[in-house]
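**Student:** Submitted below is the structure of interest, expressed as structure tokens.
The values are calculated or read from the model by the stated rules, or taken from the named source; none is laboratory data. The shown structure was predicted, so the numbers you read here are calculated from the model rather than taken from an experiment. Using ideal geometry, Cβ is built from the backbone for each residue, glycine included, and neighbour counts are taken over all protein chains shown.
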Amino acid sequence: MTKPTLMSIHDLRHNRGKVLTEAQLAGQRSVIARDGEPVAAIISVNDLTHIEMLTRGLPMLDVDTDMQNIAGQRASTRRFVESIAARERHRM
């Protein structure tokens, strides 16, 4: 994992496609600053899913494989995490 990139809102406006692609494909994290102060971050869906699972106390799983197992081409992170939680409750 590389160090997060710090960028201004202005830079994000002009490079949003590149920033989103790098987050999606390379897991690059970007911190967005307003007036020099960090205010938000752009992270991959995989990173967000891991964070949500950790905050819910769920075990870490193979995110890519589990995302493919959810019905439909695209699933929201919330739906993904809920499906994992349901599966874990069923195992108990």
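**Student:** What number of residues within segment 15-42 satisfy the criterion of being hydrophobic (A, V, I, L, M, F, W, C), surrounded by 13 or more Cβ atoms within 10 Å (Cβ to Cβ) and within 13 Å of residue 2 (Cα to Cα)?
**Tutor:** Of the residues in segment 15-42, 2 are hydrophobic (A, V, I, L, M, F, W, C), surrounded by 13 or more Cβ atoms within 10 Å (Cβ to Cβ) and within 13 Å of residue 2 (Cα to Cα).
**Student:** Also, quick follow-up: Scan segment 22-60 for residues that are part of a helix (DSSP H, G or I), in contact (Cβ under 8 Å) with a residue 12 or more places away in the chain and closer than 16 Å to residue 79 by Cα and jot them down.
**Tutor:** Result: 45, 46, 47, 48, 49, 50, 52, 53.
**Student:** Looking at 74, 78, which one is assigned to a loop (DSSP other than H, G, I, E, B) and either at pLDDT 80 or above or surrounded by fewer than 15 Cβ atoms within 10 Å (Cβ to Cβ) (or both)?
**Tutor:** Only one candidate qualifies: 74.
**Student:** If residue 22 meets every condition in (1) at pLDDT below 95; (2) more than 15 Å from the chain's Cα centre (by Cα); (3) not hydroxyl-bearing (Ser, Thr, Tyr) apart from one, which number is that one?
**Tutor:** Against the list (1) at pLDDT below 95; (2) more than 15 Å from the chain's Cα centre (by Cα); (3) not hydroxyl-bearing (Ser, Thr, Tyr), residue 22 comes up short only on (2).
**Student:** Filtering segment 1-21 down to residues that are in contact (Cβ under 8 Å) with a residue 24 or more places away in the chain and of a type in the set (S, T, N, Q), which residue is nearest to residue 31 (Cα to Cα)?
**Tutor:** 5
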